[in-house]
Amino acid sequence: MKIFVINGPNLNLLGVREPAHYGRETYDELVEKIRRHCRERGVDVDCYQSNHEGDLVDRIQQAYYAGADGIVINPGAYTHTSVALLDAVKAVSIPTVEVHISAVERREDFRQVSYIRAACVATITGHGTDGYLMAIDRLLEARDGRTD
Ligand code: DQA
């Protein structure tokens, strides 16, 4: 099982950025937490972050060429604007889980739109960085044929 974890703009500033929404854990700590979680489950994980929309599209396409079984993506603000990311996930047909650290549904109106959601098998919001681990487990359950 190979999973690509893709983070969008400003997520490299975790720990510094608006801690009331995103907590105090740094991006490096998040990556270490994801790697540990995957190691314990025998999952091969690739973690990537970019502030640039086209680079995120490229990474989704690389997941296809690398034969990834799943994608976990937090597109950051591109969630609310990017048809290109939606099209990329549709194009590769890899089961994808959308993650948001904060409870976007309880925030501003402009955060209520998610273009990418239409191409995702699940969305996890408001669980802090544990949401990434939940997303990985969701992909593992889907692989094992469990839906509960
Ligand atoms: C976010 C929510 C987005 O609205 C915001 O632009 C982000 C982070 C989250 O993880 O809660 O950059 O995706």
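Taking other residues whose beta carbon is less than 15 angstrom from the beta carbon of Y64, and scoring Lys, Arg as +1 and Asp, Glu as -1, yields -1. I116 sits among other residues whose Cβ lies under 14 Å from its own Cβ, and their net charge, with Lys and Arg +1 and Asp and Glu -1, is +1.
Apply the a/c threshold of 1.5 to the C-alpha gyration tensor of the stretch 31-78 and tell me whether it is rounded, prolate or oblate. It is oblate, given that a/c is not under 1.5 and a/b is not larger than b/c. Using only side-chain charges placed at the Cβ, +1 for Lys and Arg and -1 for Asp and Glu, the dipole size of the chain relative to its Cα centre rounds to 120 debye. For the listed peptides 38-44, 87-93, a ranking on the average number of other beta carbons within 10 Å per residue, highest first, reads 87-93, 38-44. Note on the chain: Rg/Rh from C-alpha atoms, Kirkwood Rh, equals 0.93.
Taking square-rooted eigenvalues a ≥ b ≥ c of the alpha carbon gyration tensor, is the stretch 75-120 rounded, prolate or oblate, where a/c under 1.5 means rounded and, failing that, a/b exceeding b/c means prolate?
prolate
Which of A118, A20, A77 moves most in a GNM of the chain, Cα contacts under 10 Å? Of the options given, A20 has the highest mean-square fluctuation.
Normalised by the number of residues in the stretch 57-148, the mean separation of alpha-carbon contacts (under 8 Å, six or more apart) gives a relative contact order of 29 percent. Quick check: from the Cα gyration tensor, does the stretch 1-85 come out rounded (a/c under 1.5), prolate or oblate? It is oblate, given that a/c is not under 1.5 and a/b is not larger than b/c.
Every number in this text was worked out from the coordinates using simple rules, so none of it is lab data. Model, not experiment: these values are computed from the prediction. Cβ sites come from the backbone with ideal geometry, for glycine too, and all protein chains shown count toward neighbours.
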